[in-house]
1. For the range A:183-208, name all the residues that are surrounded by fewer than 22 Cβ atoms within 10 Å (Cβ to Cβ), farther than 29 Å from B:Leu86 by Cβ and among the aliphatic types (A, V, I, L, M).
2. Just checking: which of the helices (runs of 4 or more DSSP H) contained wholly in the range B:37-109 hold 1 or more residues that are closer than 24 Å to B:Val21 by Cα, under 21 Å from the mean Cα position of the chain (by Cα) and more than 13 Å from chain A (Cβ to nearest Cβ)?
3. Scan the range A:200-214 residue by residue and report those that are at the interface with another protein chain (Cβ under 9 Å from one of its Cβ atoms) and closer than 11 Å to A:Glu321 by Cα.
4. Looking only at the range A:346-380, which residues are of a type in the set (Phe, Trp, Tyr) and out of contact with any Pro (no Cβ under 6 Å at 6 or more places or on another chain)?
5. Looking at the range A:62-95 only, could you name the residues that are surrounded by 15 or more Cβ atoms within 10 Å (Cβ to Cβ) and under 20 Å from A:Thr136 (Cα atoms)?
6. Which one is nearest to B:Tyr224 (Cα to Cα) among residues in the range B:253-303 that are at pLDDT 85 or above and of a type in the set (Gly, Ala, Ser)?
7. In the range A:90-142, what residues are among the small types (Gly, Ala, Ser), more than 40 Å from the chain's Cα centre (by Cα) and assigned to a helix (DSSP H, G or I)?
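The values are calculated or read from the model by the stated rules, or taken from the named source; none is laboratory data. Source: prediction; values computed, not measured. We place every Cβ from the backbone using ideal geometry, glycine too, and count neighbours over all the protein chains shown.
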Amino acid sequence: MIHREKLLLIIQREYLTRLKSKIFVVSTILAPVLMILLLVLPALIQTMSGDRVRQFLVYDETGAVGQELVAGDSVYYQLTDADPDSLRQSLMRGEIEGYIVIPHELLDGKGSAVFYHGGTAGMTVTSRIRTDIQRTVRDIRLDRLDTPAEVRHILSDRVQTENLTITAEGEEAADSDFYMVLGFIMGFIIYGAMFGYGAVIMRSVMEEKTSRIVEVIASSVRPFELLMGKVIGVAMLGLTQFIIWAVAGAVLMAAAGPVIALFLGAGPETAEAADAAAEVAAFSIPPIGPMIWISFVLFFLLGFLIYSSLFAAVGSAVDQESDSQQLQLPIIMLIIIPLMFLFPVSDDPASTLSVTLSMVPFFAPILMPVRMAVLQIPIWQFGATVLLMILTFVLLMWMSARIYRTGILMYGKKASFRELWRWMREN
Amino acid sequence: MSDSIVRFDGVTKKFGDFRAVDDVSFEVRQGRIFGLLGPNGAGKTTSIRMLTYILKPDSGSITVFGIPVGPETQARLGYLPEERGLYKKMKVGEQLIYLARLRGLSRQDARKRIRYWLERFGAYDWIGQEVGELSKGMQQKIQFVATISHDPDCLIFDEPFSGLDPINSEMLKDVILELRDAGKTIFFATHRMEQVEQLCDDIALFNKGQLILNGDLNQIRSSYGQNSIRLRFTGDSRFLSELKNVRVNNRSTNFAELRLLEGADDQAILREAQKYVRVQGFELVQPSIQEIFIDSVSREVGS
């Protein structure tokens, strides 16, 4: 049915012209940079905005708490003798940022310290003041009771808890938190990729239609061959991009150890130190099993195939990008729904809700890798989901090709859902 | 006839309730220039899209070289659509090779033939340029090369002259005649009837999806006899509307084509014209295609 040589030619063109395009090069470099920025930026902003000097006056009736606070940070806290009324006036005039009133009875475990401010204290400030006062008051009270050091240790000790996953084979996998984050990241990458590459397909169909080249192509190959070639070519492009990222990531990771060692001042003469540093760097990232990689690539591919066939149908039905939004809406909703369930699914990956949602072909590309990162899912779930997705793809591709076949020849008007339905049923 | 290249047999294509092509049968013979004529919306482009296997007829059959249309016949046809288009971001050479290979040429053959035609059109220097960087006229030449580069036996041009400047127009006409002389069959569709008279051997007239006239152009015209007058004059042209038993076509300030209807006397018309204007030319001729078309349509409606 399908002409193999023509299909290969089309795949080759779709793949190579995009591989050589500026957009591909730029997006390959920029996407990870943006992702890292997105992770690092909040922390960066935090430290940058921290340069403002903040100071709060402490009106202390206990004669002990205030001193301890100032001893801890003499810039942040400053003792004052002014009475609360005049402090209030100063605050209202904007002369001070805030003040804290510490009552007598606080050391008896009664009453409460009050922090007055002009509305400028954010969450960081209020929570810091709360913990500072709490710790100071606790220490003073313990001092007064001559509490032995052992008891203090017990009180301030953090109890370590560890999460270990035991697989069916009895292996222990450490750090399930890491795998949850990994699942999240994979879900988001697949989400972005399905959107991004889906849009590539849509735009490519639209471009061929508006530039009218499609009629020349359609007189040489079947529209279905053109569509399949396009989808396969772009899928290969997506894989290429992932491979580039994975290789670059692995190289960076391998280089990270020695680089860290270098920064720590370990010269080449202390090779053992460099090795140790590298070991530390490598150890901080738990191993990512082959099954996780395979599921990531597999579900990306299947998800891309399902969504690209939908995007292609939309692209063939419109002449300009602005007309496509109404038709795109249901597709976008299908992609976004699993994002909303990302947290509940990774929180309880074995619940009925999680299992059901992750097996729906439209949601599986995002939710299945999330579950598979966290736990070992039963093989039947994996198999059934893949099978369902393949069937969905075949059905959608068949429907989409019928819409596409008619749509690419319809110029100058924007099709409605009703028309798409009619095109699909035409012979 | 054994030398028929294209054959439509009772072909119908509907879009919803609209019959775009309605029970049409005709043949195109080898080595002829065949004109598919009719106003916009008559079914020309739909017929061509069925011939190029882009659309499938609802009923009837279409054969090319005696084979039902399909992937095999597609490779032996060259199609220049009415709506021109190429990949804007692709280089001229790469694009032409790609299109030729889609129609089954090997890379080497494609390169050789493309080189020949680009040189022929004085366009070989553009081979490394992106199509989007070229002027409209240049792009049209490239598109034309794309249509003929795989050496098809039958060429299909849909409104080939639309949007062409006079120089490119002339060049295209020469190439069409040259291809015909080389034994290629040319199938072209247009709503501009005057182009047909200079090029076509055979015609098929379409109106509202139906074939209303088909055959050798010269035979058709001579069957109508010399029943038209070409009149050139200076003066006020308003008298034309007063003439009896004639139909006025192609009217302008100093020229008119008159069709003699029943009971009309050409000499009386000449005398009448002389009363109002200076007659500079008066010639009895065969009707124009436009005239034949109008006549056929009105006869269809009348019957």
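1. Scanning the range A:183-208 gives A:Ile185, A:Ile189, A:Ala193.
2. Numbers: elements: B:44-51, B:71-74, B:92-102.
Correct list: B:44-51.
3. Those that are at the interface with another protein chain (Cβ under 9 Å from one of its Cβ atoms) and closer than 11 Å to A:Glu321 by Cα: A:Glu207, A:Thr210.
4. Pass one, the range A:346-380, residues of a type in the set (Phe, Trp, Tyr): A:362-363, A:380.
Matches in the range A:346-380: A:Phe362, A:Trp380.
5. Matches in the range A:62-95: A:Thr62, A:Ala64, A:Val65, A:Gly66, A:Gln67, A:Glu68, A:Leu69, A:Val70, A:Tyr76, A:Tyr77, A:Gln78, A:Thr80.
6. Taking the candidates together, the pick is B:Ala256.
7. Of everything in the range A:90-142, just one residue is among the small types (Gly, Ala, Ser), more than 40 Å from the chain's Cα centre (by Cα) and assigned to a helix (DSSP H, G or I), namely A:Ser90.
For every residue, the table says whether it meets (1) out of contact with any helix residue (DSSP H, G or I) (no Cβ under 8 Å at 6 or more places or on another chain); (2) loosely packed, with under 13 Cβ neighbours inside 10 Å.
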{"position": "A:Leu298", "(1), (2)": "no, no"}
{"position": "A:Leu305", "(1), (2)": "no, no"}
{"position": "A:Ser309", "(1), (2)": "no, no"}
{"position": "A:Asp319", "(1), (2)": "no, no"}
{"position": "A:Leu327", "(1), (2)": "no, no"}
{"position": "A:Met340", "(1), (2)": "yes, yes"}
{"position": "A:Pro344", "(1), (2)": "no, no"}
{"position": "A:Pro349", "(1), (2)": "no, no"}
{"position": "A:Leu353", "(1), (2)": "no, yes"}
